[in-house]
Amino acid sequence: MRVLGIESSCDETAAAVVDDGRRVLSSAVDSQIARHRPYGGVVPEIASRGHVESFPRVVREAMDRAGVPWESLDAVAVTTGPGLASSLIVGTAGARALGQALGKPVWSVNHIEAHIAAVFLDPEMPPPDEATDMLILMVSGGHTCLFRMRGIGRYQLLGTTLDDAAGECLDKGSKMLGLGYPGGPAIEKAAAGGNRKFAEFPRGMEHAKEERSPEGLDMGMCFSFSGLKTALLYRLKNHPEEKETHLADLAASYEEAVVSSLARRVERAVEATGAKKLLCAGGVAKNASLRARLAAMGERHGFTVRLAPMAYCTDNAAMVAAAAGLRALAGIGNPPAGEIDPTRELERTAFA
Ligand code: KG4
Ligand code: ZN
């Protein structure tokens, strides 16, 4: 099962060739970070134009590096959502044109499922099977969710953010601290050596254990980051000098608030479900403090922690081809890529 994956949901144009949903033959990623940096965030119009420019080159690069003939592909798989409409449309149109020219099927992939599939690109990771109950912390710039998973394509949503995503919170905090874009790595770098207890930032949803969200989720497994962002804003208003005198301390305290807020929800989800395996994926999963915190928690509570390989945490196309390949091999299949769906949710399964 050889799949050419295509990803263009945000500001990365990416293409990759993956065999059987697990073996990466090539992964080309063209990041537009430099173009968006002056604006402190992704500008959809610029991202869309960037995809149009990069698409042919990135696809060719992936095929050249894989060193396999076009005819050997079984399918093309593309992210059709969730993401920025003007970005998704470029990759999806490009993938459909490729499929037409090659006479191959073009499959639609959910971006969230692709992030989850990235964990299975670790060769040490056992394949997804229905007998293993797993928890997934999916943390990126656009999403912060806790899922329970039983095999590929079978997910139960346990918790989600009620406002900002964790990555978005880091990006906005970084902007306020004058640390630049993307904020996650900038804050992580600035936080090195800083006092993580310098500022007492809120952790969000602290007292909501017994409540239910509007869609019936246990609030104790839901996230909230807007209060943290506001707390930093007011702190900088009241103590503008700290940006100069205590930059590392502020960055460290802010990062700590995000990490411990994520870790607490995971702990509660582990207690509630009794899951013995935790997977973590998405751009924020690159964060060293988060990786260390989850690993330590796993040791303390006796569950295994599997993190997406560093190269496949932020947006890439290997994870897209992986998701499609895993679904095809599991016999679930992939829907054909038609219209884009910018607000697409991960399909949900009711678990006993
Ligand atoms: O998964 P991703 O590439 O895109 C989305 O689907 O959103 O994630 C991007 C997010 C950004 O918010 C970025 O700041 C964050 O991942 N990020 C990090 C790190 N590297 C990227 N956050 C914390 N620590 C990092 N090292
Ligand atoms: Zn993503």
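All of the numbers you see were taken from the coordinates with simple rules; none came from a lab. Here the structure is a predicted model, which means the values were calculated and not measured. Cβ coordinates were reconstructed from backbone atoms using ideal geometry, including for glycine residues, and neighbour counts include every protein chain displayed.
Below is a table of values for the structure above.
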| item | result |
| --- | --- |
| Whether region 1-153 is rounded, prolate or oblate, judged on the alpha carbon gyration tensor where a/c under 1.5 counts as rounded | oblate |
| Alpha-carbon centroids, region 19-47 and region 233-286: separation in whole Å | 24 Å |
| 0 to 90° range, to nearest 10: angle between helix 247-273 axis and the chain longest Cα axis | 70 degrees |
| Residue-wise HN-Hα coupling along region 148-154, computed from phi with Karplus coefficients 6.51, -1.76, 1.60 (Hz; x: Gly, Pro) | 10, 10, 10, x, 5, x, 10 |
| Lys, Arg +1 and Asp, Glu -1 on Cβ, resulting dipole of region 171-316 about Cα centre, debye, nearest 20 | 280 debye |
| Burial order of peptide ranges 283-290, 294-301, 252-259 (average beta-carbon count within 10 Å, highest first) | 252-259, 283-290, 294-301 |
| Charged-residue dipole, Cβ positions (Lys, Arg, Asp, Glu), region 246-300 about Cα centre, Debye nearest 20 | 320 debye |
| Lys/Arg +1, Asp/Glu -1 at C-beta; the chain dipole; positive extreme among GLN100, LEU177, LEU157 | LEU177 |
| Anisotropy class of the chain from Cα gyration tensor, a/c 1.5 cut | oblate |
| Dipole moment magnitude, nearest 20 debye, the chain about Cα centre, only Lys, Arg, Asp, Glu C-beta charged | 320 debye |
| Anchor LYS197: aspartates and glutamates whose Cα lies under 20 Å away (excluding residues fewer than 8 positions away in-chain) | GLU188, GLU206, GLU241, GLU242, GLU244, ASP249, GLU255, GLU256 |
| Convex hull (Cα only) mean projected area of region 140-193, reported in nm² to one decimal | 5.0 nm² |
| For ALA199, residues with placed amide H under 5 Å, excluding near neighbours | SER253 |
| Shape call, region 130-307: gyration tensor on alpha carbons, a/c limit 1.5 | prolate |
| Relative contact order, percent, the chain [alpha-carbon distance under 8 Å, six or more residues apart] | 26 percent |
